[in-house]
Amino acid sequence: MIHLDHPPDATAVSRDISLAEQERPRINCLTWKLALCDQSDDPGKASDTPVRERNSMPNNDAITEPLVFQSKPTEQMQKSAREFYETVRTRRTVRDFSDKPVPREVIENCLRAAGTAPSGANRQPWHFSVISDPDLKQKIRAGAEAEEREFYTSRAPQEWLDALAPLGTDANKPFLETAPYLIIIFGEKFSKDQNKAKLKNYYVSESVGIATGVLITALHTAGLATLTHTPAPMRFLNELVGRPSSEKPYMILVTGFPAEGSTVPAIGRKSLEDIASFL
């Protein structure tokens, strides 16, 4: 199941929604907690069965299950790797978004993909608040731009400003209102077991970083553009979307379709020789 928690000003309370439901309620601001899916009998095909929620917290009895792994012949591996690279190499950060609607199902499945990321002690210490409500997006933009103005005028060292100059960034963030979805990514310092006892989470930053990378790649593969936005400090986000102070906001991931005629900075990427060594 996917749990949806409404923000403080919403009238509905949290409820479970089956993946099999064809009609979902129109909710503008959602907070989605991810669960693990049943594995398909066909390892190369996603399961059509409803999601089965599992307890991600460890217990005293180790539970195992058969590994579902699909081996590929060498030629197919090489082909798959080349095709994946050709897909992700076109990913670019976009700052001009269209307000064209994005099907919620696309966002849901990309979040499920993010939820498969490895994490310290399998604590899965992430939380994704998905925002589409125009009023809430306006408040987020106002808070972010206030922090950004201070950053550009007083907090950022000149060296940093010089590094940002070729990218054309400034304190104005209209994309926070224009894009159909903002995904605020939180890291959870602790989790709770089945008895509501507090459990420390491990390697939270690393785990959230991996999940975020999976999410960005999933959104790009689905045909959407993204922008990673990190106003600092970001604590105003906790209050706006109703998350506890124990959670740390890591970034706002803006996603949607690029605006018609969008341009991006003409930049290059390091070569394989620059980023990797084979020993």
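A few notes on this one:
- Selected residue (only one of Arg112, Arg91 is of a type outside the set (Phe, Trp, Tyr), surrounded by 16 or more Cβ atoms within 10 Å (Cβ to Cβ), closer than 15 Å to Thr221 by Cβ and modelled with pLDDT of 95 or more): Arg112
- Of the criteria (1) exposed (fewer than 15 other Cβ atoms within 10 Å of the Cβ); (2) charged (D, E, K, R); (3) part of a helix (DSSP H, G or I); (4) in contact with a Pro (Cβ under 7 Å, 6 or more places away or on another chain), which one Asp135 fails: (4)
- Yes/no for Ala225 being buried (at least 18 other Cβ atoms within 10 Å of the Cβ) and among the small types (Gly, Ala, Ser): yes
- Selection within segment 145-188 - among the hydrophobic types (A, V, I, L, M, F, W, C), without any contact (Cβ under 8 Å) to a residue 60 or more places away in the chain and outside any helix (DSSP H, G or I): Ala156, Ala171
- Test result for Ala266, surrounded by 14 or more Cβ atoms within 10 Å (Cβ to Cβ) and either of a type in the set (A, V, I, L, M, F, W, C) or without any contact (Cβ under 8 Å) to a residue 40 or more places away in the chain (or both): no
- Cβ-Cβ contacts under 8 Å between residues 6 or more apart (or on different chains), taken from a first residue in segment 189-207 that is under 14 Å from Lys248 (Cβ atoms) to a second residue that is assigned to a helix (DSSP H, G or I) and among the hydroxyl-bearing types (Ser, Thr, Tyr), are listed as Asn201/Ser207.
The values are calculated or read from the model by the stated rules, or taken from the named source; none is laboratory data. No experiment lies behind these values; they were computed from the predicted model shown. As a convention, Cβ positions derive from the backbone with ideal geometry for all residues, glycine included, and neighbour counts pool all protein chains shown.
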